[in-house]
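Right, one structure below, let's go through it.
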Amino acid sequence: MKEERLTVGMIKNGTVIDRIPKGRALHIMEIIGVSNNYPSTVSVAMNVPSEKLGKKDIVKVEDKELKQDETDKIALIAPEAKINIIRDWKVVQKKDAKLPKEIEGVIKCANPNCATNQNEPIRSRFIVEKDNPIKIRCYFCERPMDEKKIEDAL
Amino acid sequence: MVSNKDLISIRDLSREDIEHILKAAKDIDENPAKYSNLLSGKILATLFFEPSTRTMLSFQSAMSRLGGKTIGFSDSKTTSTAKGETLADTIRMVESYSDIIAIRHPHEGSARLAAEYSKIPVINAGDGTNQHPTQTLLDLYTIKKKLGKIDGLKIALIGDLKYGRTVHSLLNALSKYENVKIKLIAPDTLQMPKEIIEDSKGPEIETGESIDGALKGMDVAYVTRIQKERFPDLEEYESVKGKYRITREMVEAAGKKLMLMHPLPRVDEIEPDVDTLEQAKYFEEAKNGVPIRMAIIAMLLGKIK
């Protein structure tokens, strides 16, 4: 915990996403729509030692409170993530990432021949069939995707 | 399905839905005159982005026998798709020209995508290697018509089980029935995908590579074509193809009880002299495509409850 504080400071207002599996911080930023155009401070810590995960990533975003649908999407690649909403240096809300029944637009279908991977004006959509281990199915081509395929599709 | 707007996948149907469609098809089959003007003034659009003989003709025949008309194409090269039009745009145009759409497309998920954009009912006539639900329904209809039931049957699926969408949908549908025993006979490289077996819980499933003696004791043998284009090596194709050829001797040895099916087109996986045997039911199977498609079209248009 001490080491982590040294790496990434506390934030005044915003969201802290902790317990991200190592190497996935940048994907999480993509999912929550935080890019290099984001106007406030974003701190990213990677490969932070963690008792539970061995190593983990942490993302802290100033001036953005994640909404429920955004935290739900995080669960797709970080099922154990802890999301804290911070106001005036204090944690005012703790949320677990929880998989929704359907996921729209976060990742591409792993099947290159799927209609959603052509030039059609449609977002990908997946039905969540199981959460542990995760199994989702493309709503369109009906191909299932497991954790490995989801990771490859990021 | 009765409550659904579209028919996209066997996965969307319950056993009751399937039975309901088979029952309607039976009535159409037995009393065609009753239905001959049912869809007068209605138009079916057959959008075939990939070639097909049987499926398209049987859709057209089904619509004609219901008193309706058909418009459509069977070669995407002659359409705006060749100019880069999206399927979404094609569908939004076609829905204003017709009352119901039957679509075949080389990309998996296309039929579902079409249904998302279409206000009128969409029938999946084959989407890539994914689903071909009307074929599966006519296969089930053929089995039920001949054997009177589907529960408790022993069914062998033979040939290309990896890429053949008909066998994927069929296995999925059979898993909705009771005590079905299934043998999957295919070369290792063309065996049924693991995820489809996992998805089809229920039947007792046995897999094997050899066709020797595989027909024995079976109620149904469903043979599919081993597709040349799936093999990078022509020599390998020739060797595999030769091993999965159904001969007259094999069928005779399996006994009279056997029912031999094939979604067609057949190349040489069933020898022509098998055709005259009582067990050969594949042409009848193709014929059954008409009443099944009539039932589906009429149901989706709300003319059969």
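The values are calculated or read from the model by the stated rules, or taken from the named source; none is laboratory data. Just so it is clear, the structure is predicted and the values come from calculations on it, not from any experiment. Cβ coordinates were reconstructed from backbone atoms using ideal geometry, including for glycine residues, and neighbour counts include every protein chain displayed. Note: areas computed on protein heavy atoms with side chains; ligands, DNA, RNA excluded. Shrake-Rupley method; radii C 1.70, N 1.55, O 1.52, S 1.80 Å.
Structure notes:
- When the range B:124-140 is filtered for residues that are crowded, with 24+ Cβ neighbours inside 10 Å and at the interface with another protein chain (Cβ under 10 Å from one of its Cβ atoms), the ones remaining, listed by number, are B:Asp127, B:Asn130, B:Gln131.
- Within the range B:80-103, being outside any helix (DSSP H, G or I), more than 14 Å from chain A (Cβ to nearest Cβ) and touching a residue at least 12 places away in the same chain (Cβ under 8 Å) holds for B:Glu95, B:Tyr97, B:Ser98, B:Asp99, B:Ile100, B:Ile101, B:Ala102.
- Looking only at residues in the range B:277-302 that are touching a helix residue (DSSP H, G or I) at 6+ places or on another chain (Cβ under 9 Å) and assigned to a loop (DSSP other than H, G, I, E, B), the one that is nearest to B:Leu39 (Cα to Cα) is B:Asn288.
- Members of the range A:132-153 found to be within 12 Å of another protein chain (Cβ to nearest Cβ), in contact (Cβ under 8 Å) with a residue 12 or more places away in the chain and part of a loop (DSSP other than H, G, I, E, B), listed by number: A:Tyr139, A:Phe140, A:Cys141, A:Arg143
- Verdict on B:Asp188 being farther than 25 Å from A:Lys135 by Cα and open to solvent by less than 60 Å² (accessible area, probe 1.4 Å): no
- Residues that are in a loop (DSSP other than H, G, I, E, B), touching a Ser or Thr at 6+ places or on another chain (Cβ under 9 Å), among the polar types (S, T, N, Q) and within 14 Å of another protein chain (Cβ to nearest Cβ) do occur in the range B:197-211, at least one of them.
- In the range B:289-297, the condition of being of a type in the set (Lys, Arg) and open to solvent by 20 Å² or more (accessible area, probe 1.4 Å) is met by no residue.
- Across the range A:37-71, the number of residues qualifying as open to solvent by less than 50 Å² (accessible area, probe 1.4 Å) and within 14 Å of the chain's Cα centre (by Cα) comes to 9.
- Qualifying residue in the range B:155-164 (condition: outside any loop (DSSP other than H, G, I, E, B), open to solvent by 10 Å² or more (accessible area, probe 1.4 Å) and touching a residue at least 24 places away in the same chain (Cβ under 8 Å)): no
- Residues that are under 17 Å from B:Thr134 (Cα atoms) and either within 13 Å of another protein chain (Cβ to nearest Cβ) or modelled with pLDDT under 95 (or both) within the range B:105-123 comprise B:His105, B:Pro106, B:Glu108, B:Gly109, B:Ser110, B:Ala111, B:Arg112, B:Ala114, B:Ala115, B:Val122, listed in sequence order.
Per-residue answers, yes or no, for (1) more than 13 Å from the chain's Cα centre (by Cα); (2) open to solvent by less than 10 Å² (accessible area, probe 1.4 Å); (3) in the same structural domain as B:Ala25 (by TED's automatic domain parsing):
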site	(1), (2), (3)
B:Val251	yes, yes, no
B:Lys256	yes, no, no
B:Met259	yes, yes, no
B:His262	no, yes, no
B:Ile270	yes, yes, no
B:Val274	yes, yes, no
B:Glu278	yes, no, no
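- Test: residue in the range B:167-176 that is open to solvent by 20 Å² or more (accessible area, probe 1.4 Å), more than 13 Å from chain A (Cβ to nearest Cβ) and more than 18 Å from the chain's Cα centre (by Cα): no
- Count - residues of the range A:88-115 that are within 14 Å of chain B (Cβ to nearest Cβ) and in contact with a strand residue (DSSP E or B) (Cβ under 7 Å, 6 or more places away or on another chain): 8
- Residues that are charged (D, E, K, R), touching a Lys or Arg at 6+ places or on another chain (Cβ under 8 Å) and within 19 Å of A:Gly9 (Cα to Cα) within the range A:66-107 comprise A:Lys82, A:Asp88, A:Lys94, listed in sequence order.
- Flag for B:Lys216 being within 14 Å of another protein chain (Cβ to nearest Cβ) and of a type outside the set (A, V, I, L, M): no
- The range A:102-131, residues that are in a loop (DSSP other than H, G, I, E, B) and within 16 Å of the chain's Cα centre (by Cα): A:Gly105, A:Val106, A:Ile107, A:Lys108
- So A:Glu120, is it within 12 Å of chain B (Cβ to nearest Cβ) and among the charged types (D, E, K, R): yes
- Residue in the range B:225-241 that is away from chain A (no Cβ under 14 Å) and under 21 Å from B:Lys144 (Cβ atoms) present: no
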